[in-house]
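Visitor: I have a structure here, written as structure tokens, and I will follow up with some questions on it.
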Amino acid sequence: MHKVIQWSADNAGKQATKSKKTQDKILKAVISLIHEGGFAAASSTKIARAAGISWGVVQHHFGDKKGILTAVLDQCTCDYIEHMSKTVDTRVSPKKRIRQYIKQCWQFYQSEQYLVILEILLATHATHTELTSPKVLRERAETLLIQWQGFFPDSTADSNTISGVIRHVHIILTGLVIDHVLEGEVLDIGWHLDCLSTTIESQIY
């Protein structure tokens with residue numbers, strides 16, 4: 001009996017690992033297609049072909065295209081949090097911490113993954129409003145707030161102020177990303193990031 005239970009547990013573990021690999025393959029295919037050809041390039045046929053599986057398998061894991069897009073957004077949030085958690089040194093001064101934070105934010109905002117997120121949100125804002133519903137945005141904001149408070153535990157700012165600062169950082173960096181896409185170059189990016197850092201410091205300390 002013990003061997004049967006152990007075999008079932010091992011088999012379930014292997015299946016879960018295989019399922020995760022397949023899901024990752026699908027998400028990578030979607031991100032690559034959108035990055036190279038825009039949102040319209042991520043058709044069901046192309047997604048399946050790029051992932052090397054059938055559309056039926058894609059549906060098994062995500063249900064439909066909306067499910068895939070939701071998973072891409074969720075993955076981006078997780079990757080962003082992981083990216084940031086490894087880079088801010090809480091032992092240094094607040095000013096240095098803020099600059100570390102902004103530098104790392106900007107690094108992520110320039111990534112292929114974030115450009116794809118922008119493409120998805122711009123293409124679906126009128127048809128898939130659930131991707132940016134108040135509930136979804138609130139959950140993501142709460143996660144970012146908790147992380148921020150870990151970076152700056154000595155800040156005296158309240159939660160509303162911190163949430164506003166997080167939103168401000170997002171707006172400024174997204175604007176710089178869009179400017180870079182449209183103009184091909186952001187002039188004196190260091191100056192923009194320094195201004196943003198100064199603004200943050202004045203708000204939370």
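Here, each number is a calculation from the coordinates, and none is a lab measurement. On a predicted model such as this, the values are computed, not experimentally measured, just so you know. Please note: Cβ atoms are built from the backbone with ideal geometry, for glycine as well, and neighbour counts cover all protein chains shown.
Visitor: Could you compute the FRET efficiency for GLN147 and LYS66, with r as their C-beta to C-beta distance and R0 at 22 Å, rounded to 0.05? Kindly include the intermediate steps, with their values, before the conclusion.
Guide: On the way: r = 27 Å, r/R0 = 1.24.
Once rounded, the FRET efficiency stands at 0.20.
Visitor: Which one of ILE34, SER159, LEU115 has its Cα pushed farthest toward the positive end of the charge dipole of the chain, where Lys and Arg give +1 and Asp and Glu give -1 at the Cβ?
Guide: With unit charges placed on the Cβ atoms, the residue in question is ILE34.
Visitor: About the Cα centre of the stretch 11-115, how large is the charge dipole given +1 on each Lys and Arg Cβ and -1 on each Asp and Glu Cβ? Please answer in debye to the nearest 20.
Guide: Values: 17 positive and 8 negative charges, 74 e Å.
Charge dipole of the stretch 11-115: 360 debye, to the nearest 20.
Visitor: Per residue of the chain, what 222 nm ellipticity follows from adding -39500 (n - 2.57) for every DSSP H run with n ≥ 4, rounded to the nearest 500? All intermediate terms of the calculation are to be shown ahead of the outcome.
Guide: Numbers: 9 runs with 161 residues, N = 205.
Calculated mean residue ellipticity at 222 nm is -26500 deg cm²/dmol.
Visitor: Suppose the chain between HIS83 and ILE189 were pulled fully straight at 0.36 nm per residue; how much longer would it get relative to their current alpha carbon spacing? Working shown, then result.
Guide: Values: separation 106, 0.36 × 106 = 38.16 nm, distance 2.07 nm.
36.1 nm is the gain from fully extending HIS83 to ILE189.
Visitor: With +1 on each Lys and Arg Cβ and -1 on each Asp and Glu Cβ, how big is the dipole of the chain about its Cα centre, in debye rounded to the nearest 20? Intermediate values should be presented prior to the final figure.
Guide: Numbers: 22 positive and 21 negative charges, 186 e Å.
Dipole size: approximately 900 debye.
Visitor: Find, among the trypsin sites (Lys or Arg not before Pro) in the stretch 77-121, those assigned to loop by DSSP (not H, G, I, E, B) with at most 11 other beta-carbon atoms within 10 angstrom.
Guide: Values: sites: LYS86, ARG91, LYS95, LYS96, ARG97, ARG99, LYS103; in loops: LYS86, ARG91.
Answer by residue number: LYS86, ARG91.
Visitor: What's the ranking of 71-79, 35-43 by average number of surrounding C-beta atoms within 10 Å, highest first?
Guide: Details: 71-79: 16.6, 35-43: 14.9.
The packing order, highest mean first, is 71-79, 35-43.
Visitor: State the answer as a single residue: which of LEU145, THR45, HIS180 lies farthest towards the positive end of the charge dipole of the chain, with beta carbon charges of +1 for Lys and Arg and -1 for Asp and Glu, about the Cα centre.
Guide: Value: THR45.
Visitor: Further, regarding this structure: Please give the FRET efficiency for ALA41 paired with LYS20, using the beta carbon to beta carbon distance and R0 = 25 Å, rounded to the nearest 0.05.
Guide: 0.50
Visitor: Normalised by the number of residues in the chain, what is the relative contact order in percent for Cα pairs under 8 Å and 6+ residues apart? Mind showing how you got there, number by number?
Guide: Working: 130 pairs, mean separation 39.7, N = 205.
Across the chain, relative contact order equals 19 percent.
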